[in-house]
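I have placed the structure first, in the form of structure tokens, so that the comments after it can refer back to it.
Each value in this text was obtained by applying a stated rule to the coordinates, not by laboratory testing. Model, not experiment: these values are computed from the prediction. Positions of Cβ are generated from backbone atoms using ideal geometry, with glycine treated the same way; all protein chains shown enter the neighbour counts.
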Amino acid sequence: MNKVKTIAKKDLLGLKDLSISEIKLILNTARSMKEVAARPIPKVPTLLAKHIITLFYEPSTRTRTSFNMAAKILSANVTNVAISSSSVSKGENLIDTVKNLEVMGCDAIIIRHSMGGAPHLAAKNCQSSVINAGDGFNEHPTQGLLDIFTMQEKKGDLKNKKVLIVGDIAHSRVARSNIWGLKKLGAEVVVVGPPTMIPVGLEAMGVRVSCDFDAEIRDADIINMLRIQKERQEKGLFPSIEEYAKLFGLNAERMKKAPKDVVVMHPGPINRGIEITSEVADGSNNVILEQVTNGVAVRAAILFLLLSGKNSD
Ligand code: CP
């Protein structure tokens, strides 16, 4: 009988920490999970009796729901902690919250937090697996993995494929996870955005920086558009929404300059008419809802790889 492959890690905290072979194992496992999710009865008993807790200090539609669905496909139990009605509102700190949840008997805690490094802190202070569902401006590893999974479905091997990541790079955990993963898989990554939204020293991650979307789009294989965080506009990082959309938005006019088979992506939620027009977001090159579908398979793969080798106490 073949030995089931798992990841020799307690936690999934970022793509920065994953080896190339670990990334490939997750992506290959996600392919199997996608097949399971598409069955008439999408359920296997692999994580029966495992208990998973989601602890989201920031809002989410896609990530939390797809983790729930992934856990249910694997027959795990899930508890969603509602932060606003939890004792966090009485001032309980993250470590105390995690330790209290753990002693109730959970195998994994999935954390989204506004503070970069919060899941790492939790992971150091508990035995349960911790999965980072987005931490501040640091990483969103499961989004990075589902993006890469979708890119591979559309474009095959990503080696030397040109991927544009466009928008507010400085405040984007999605951008950082994409960059770590794509560079490990040999893609050419170009980040495009206003200079005020590109962190100093980003080239050290192996990417090229450009402010000229019209020039870069001409030979792009994939365009990953980032959500513009409108709250940043108050801080004067760009003069106006209209000017941002003109220079860095993806619209039908700009799409005419792109190769016919370019793949258009967006992690969601979308600000329609700002970083991307509805015509393009819903157009023939977009794979945005396929990304969301793939999120269930990728998250199921991660739960499987982290938890299936662990004995329940
Ligand atoms: N892409 C993403 O993280 O979406 P949610 O905020 O809805 O989870």
Exercise. Which one of these does residue 128 not meet: (1) without any contact (Cβ under 8 Å) to a residue 24 or more places away in the chain; (2) more than 21 Å from residue 229 (Cα to Cα)?
Worked result: (1)
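Looking at 134, 116, 144, can you tell me which residue is assigned to a helix (DSSP H, G or I), within 21 Å of residue 10 (Cβ to Cβ) and within 16 Å of the ligand (Cβ to nearest atom)?
Values: 134 fails: assigned to a helix (DSSP H, G or I); 116 fails: assigned to a helix (DSSP H, G or I).
Selected residue: 144, the only one of 134, 116, 144 that is assigned to a helix (DSSP H, G or I), within 21 Å of residue 10 (Cβ to Cβ) and within 16 Å of the ligand (Cβ to nearest atom).
Can you pull out every residue in region 147-176 that is assigned to a loop (DSSP other than H, G, I, E, B), in contact with a helix residue (DSSP H, G or I) (Cβ under 7 Å, 6 or more places away or on another chain) and either of a type in the set (Phe, Trp, Tyr) or over 20 Å from residue 270 (Cα atoms) (or both)?
Keep residues of region 147-176 that are assigned to a loop (DSSP other than H, G, I, E, B), which gives 156-161, 167-172.
Checking which are in contact with a helix residue (DSSP H, G or I) (Cβ under 7 Å, 6 or more places away or on another chain) leaves us with 158, 161, 167-171.
Once the filter is applied, which keeps residues that are assigned to a loop (DSSP other than H, G, I, E, B), in contact with a helix residue (DSSP H, G or I) (Cβ under 7 Å, 6 or more places away or on another chain) and either of a type in the set (Phe, Trp, Tyr) or over 20 Å from residue 270 (Cα atoms) (or both), region 147-176 yields 158, 161.
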Exercise. Condition test on residue 181, is it surrounded by 24 or more Cβ atoms within 10 Å (Cβ to Cβ) and farther than 19 Å from residue 16 by Cβ?
Worked result: no
Exercise. Just one of the numbered conditions (1) in a loop (DSSP other than H, G, I, E, B); (2) surrounded by 13 or more Cβ atoms within 10 Å (Cβ to Cβ) is not true of residue 8; which one?
Worked result: (2)
Exercise. If residue 25 satisfies every condition in (1) surrounded by fewer than 18 Cβ atoms within 10 Å (Cβ to Cβ); (2) assigned to a loop (DSSP other than H, G, I, E, B) but one, which is the exception?
Worked result: (2)
Exercise. How do the pairs read when you match residues in region 166-194 that are more than 22 Å from residue 136 (Cα to Cα) with residues anywhere that are away from the ligand (no atom under 15 Å from the Cβ) and among the polar types (S, T, N, Q), using Cβ under 9 Å and keeping only pairs 6 or more apart or on different chains?
Worked result: 184/19; 185/152; 186/160; 187/160; 188/160; 190/210
Problem set entry | Top-ranked residue of region 30-79 - restricted to ones that are in contact with a Gly (Cβ under 9 Å, 6 or more places away or on another chain) and either assigned to a loop (DSSP other than H, G, I, E, B) or away from the ligand (no atom under 14 Å from the Cβ) (or both), ranked as farthest from residue 293 (Cα to Cα) | 51
